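K.L.:
My questions all concern the structure below.
Taken together, the values in this text are just the output of simple stated rules run on the coordinates, not laboratory data. Just so it is clear, the structure is predicted and the values come from calculations on it, not from any experiment. We place every Cβ from the backbone using ideal geometry, glycine too, and count neighbours over all the protein chains shown.
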Amino acid sequence: MRKIAITGASGQFGREATRLLIEGGVTPDRLILLTRSPDRLADRAAQGADVRKGDFDDADGLVEALAGAERMLMISGTRVGFREPQHRAAIEAAKRAGVRHIVYTSFIGAVESNPSLAVMDHVITERMLRGSGLAWTVLRDAQYGEAVVEAMAPLMVASGEMTSLAGDGRMAFVCRDDCVAAAVAVLQGDGHENQVYQLTGPELVSYREVAALVSELTATPVKFTPTDEAGLYAMFDALSIPRQPVDDLSVNNFPWNSDDMVSFEVAVRDGDFAVISDDFERLTGRRPKSLRALLEQHLETIRTAATRISLPPAADMKDVSDA
């Protein structure tokens, strides 16, 4: 019986992948669900899934946790800029445990020249996969549209402004659930060994256009304010966003760090994420959801999240805008 392991199975991506696999006919007893907190997957364990403690920071424990798996969905870690040792441990553990095929969630524009801190992790991980001796499939996901729903749009609505250094650089925002659907198609299918798939939304959009779209849909005036790297760091500092990643930290609904976001916007500005592809449609047989459709679906979520954002004094924000 061919078993599938999913790392980070209690997270959003992992939970949805598990649901789709079961709905697609994979019986729970074929699933090995790895999580740092097994109690969070008690419902899946009750269904018959094999829930195991698995932590990227525990290399030896990962070998035991992956025992019996033939395929592994390796969901990238959240420690942006510091993921190389975690991913190396996961790949080595997979080899030692007898895993034959790793499906990895990478990122669009994963090439050496990309200045994004997050992308550097993926470039290194892709290189490790190619040299692992295992079969691999790389899923280069574009920026999730949920990042706009969960963080960018609420801040725009709360402040009436979007401060960005991305200029008119563009990228094809994709919905997380679409990326999950593509990953599940690969896990359940054949012929995907040693392939790279670019998973993007249906259109390239600039941050300036994102601001205009949020303003239109929420009926809230949003001013787009260009800035530079120092100005963007100052804005995130004013919001108490950490510069480096801290596990399980969220400030004002931001689960990221400013080193990541500033370098990411530099890459947007320079065109490193201006990639659009039909790989999603070829894998799933349907068109990806647009950013507009996703925002329309979650307007109430955006408005509610905006009310929970604690902004610094207006004078401080003006200083940031002028930086």
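K.L.:
Within the chain, what is the number of lysine pairs with alpha carbons under 23 Å apart, leaving out pairs fewer than eight places apart on the same chain? Intermediate values should be presented prior to the final figure.
P.N.:
Values: K3/K53; K3/K95; K53/K95; K223/K318.
Qualifying lysine pairs in the chain: 4.
K.L.:
Oh, and also: Which value, to two decimals, describes the C-alpha radius of gyration of segment 3-89 once divided by 2.2 N^0.38 Å?
P.N.:
Working: Rg = 12.3 Å, N = 87, 2.2 N^0.38 = 12.0 Å.
Its radius of gyration relative to the 2.2 N^0.38 Å reference: 1.02.
K.L.:
Also: Are there trypsin sites (Lys or Arg not before Pro) in segment 62-101 that DSSP marks as loop and that have at most 16 other Cβ atoms within 10 Å, and which are they?
P.N.:
On the way: sites: R71, R79, R83, R88, K95, R96, R100; in loops: R79, R83, R100.
Within segment 62-101, the qualifying trypsin sites (Lys or Arg not before Pro) (loop, at most 16 other Cβ atoms within 10 Å) are R100.
K.L.:
Can you show me the helix-derived [θ] at 222 nm for the chain, built from DSSP H runs with n ≥ 4 at -39,500 (n - 2.57) apiece and divided by the number of residues, rounded to the nearest 500.
P.N.:
Numbers: 14 runs with 137 residues, N = 323.
Computed ellipticity for the chain at 222 nm equals -12500 deg cm²/dmol.
K.L.:
Now a separate question. Could you tell me the relative contact order of segment 69-211? Use alpha-carbon pairs under 8 Å, at least six residues apart, and round to a whole percent. The partial results should precede the final answer.
P.N.:
Working: 218 pairs, mean separation 36.4, N = 143.
Averaging sequence separation for qualifying contacts and normalising by length gives 25 percent for segment 69-211.
K.L.:
Just the number: Rg to Rh for the chain, Cα atoms, Kirkwood Rh, two decimals. Before the final figure, lay out each step's value.
P.N.:
Details: Rg = 19.8 Å, Rh = 20.4 Å.
For the chain, the value is 0.97.
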